[in-house]
Amino acid sequence: VVRLLSSLSYAQVSELAEKMAKEQKELEEEYLEEDPEKNWKNRAERSIKRMERWFGPLNDDQILILEHWSKSRGRQTAIWLEGRRKWQSILLEALSKRYEPGFAEIIDDIIDNGTELRGPEYQKMIAENRVSMTKLMTALLERADKQQLEFLLDKAANLRSDFRDLDCSGDQAP
């Protein structure tokens, strides 16, 4: 990664910065509504779609659980986007020093400590999300019917098979 990043031209770094800014703006427009109620309802819709990929169609109890969970997340999306902006700013600042000694260590720190670099509010959100997501998944599983559990197990088996099929032996030189 360091070798690739240190080889970027000024034009490539500039293009990367422009793409990051454009994508950030698009994400903010897509995910941040002025109306908090609309924000959580949109989050609930996205969450329902994501869970249906794993469970199949959700029952009414599961949908209600996801709606309550989504509402409880508060400023999560704004915090995520703020943290994303901070991390990208730090990366772009590092790229401006890509020809200086110590660049490799700076990039290693950016990669290894991404959560911390996004700020204390982001770190707190991540810690809370781990607990919240565990409770959410437990509640959804407790209310899953046999068909949903079979659907989930089938998806997991397919995923396991996909990973097994990956050849990561390192014997394939380009």
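The values are calculated or read from the model by the stated rules, or taken from the named source; none is laboratory data. All values reported here derive from a predicted model rather than from experimental measurement. Methodologically, a virtual Cβ is constructed for each residue, glycine included, from the backbone with ideal geometry; neighbour enumeration extends over all protein chains shown. These area figures cover heavy atoms from the full protein model, side chains too; ligands, DNA and RNA do not enter into them. Shrake-Rupley method; radii C 1.70, N 1.55, O 1.52, S 1.80 Å.
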Open item on the list: Going by what's in this entry, would Lys135 be described as open to solvent by 70 Å² or more (accessible area, probe 1.4 Å), touching a Phe, Trp or Tyr at 6+ places or on another chain (Cβ under 9 Å) and part of a helix (DSSP H, G or I)?
Closed with: yes
- [ ] Quick one: which residue in Ala94, Ala127, Ala104, Ala78 is touching a Phe, Trp or Tyr at 6+ places or on another chain (Cβ under 8 Å) and either part of a helix (DSSP H, G or I) or surrounded by fewer than 14 Cβ atoms within 10 Å (Cβ to Cβ) (or both)?
- [x] Ala94
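Counting only residues that are within 12 Å of Ala94 (Cβ to Cβ), in contact (Cβ under 8 Å) with a residue 24 or more places away in the chain and either open to solvent by less than 60 Å² (accessible area, probe 1.4 Å) or under 16 Å from the mean Cα position of the chain (by Cα) (or both), how many does segment 107-124 have?
Residues of segment 107-124 that are within 12 Å of Ala94 (Cβ to Cβ), as a first pass: 107-111, 117.
Subsequent filtering for residues that are in contact (Cβ under 8 Å) with a residue 24 or more places away in the chain retains 107-108, 111, 117.
Retained after the next criterion (residues that are either open to solvent by less than 60 Å² (accessible area, probe 1.4 Å) or under 16 Å from the mean Cα position of the chain (by Cα) (or both)): 107, 111, 117.
Adding up the residues that qualify gives 3.
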TODO: Go over the candidates Arg43, Arg85 one by one and state the one that is part of a helix (DSSP H, G or I), touching a helix residue (DSSP H, G or I) at 6+ places or on another chain (Cβ under 7 Å) and open to solvent by less than 40 Å² (accessible area, probe 1.4 Å).
DONE: Arg43
Task: Checklist (1) at pLDDT below 95; (2) over 29 Å from Glu15 (Cα atoms); (3) open to solvent by 70 Å² or more (accessible area, probe 1.4 Å) applied to Lys49, failing item - done: (1)
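Of a type in the set (A, V, I, L, M, F, W, C) and farther than 30 Å from Asp61 by Cα - does that describe any residue in segment 112-130?
Step one: filter segment 112-130 for residues of a type in the set (A, V, I, L, M, F, W, C), giving 117, 125-127.
Still in the list and also farther than 30 Å from Asp61 by Cα: 117.
Yes; the residues of segment 112-130 include at least one that is of a type in the set (A, V, I, L, M, F, W, C) and farther than 30 Å from Asp61 by Cα.
Between Asn39, Asn59, which is among the polar types (S, T, N, Q), touching a residue at least 24 places away in the same chain (Cβ under 8 Å) and closer than 19 Å to Leu27 by Cα? Lay out the reasoning, then the answer.
Details: Asn59 fails: closer than 19 Å to Leu27 by Cα.
Just one listed residue meets the conditions, Asn39.
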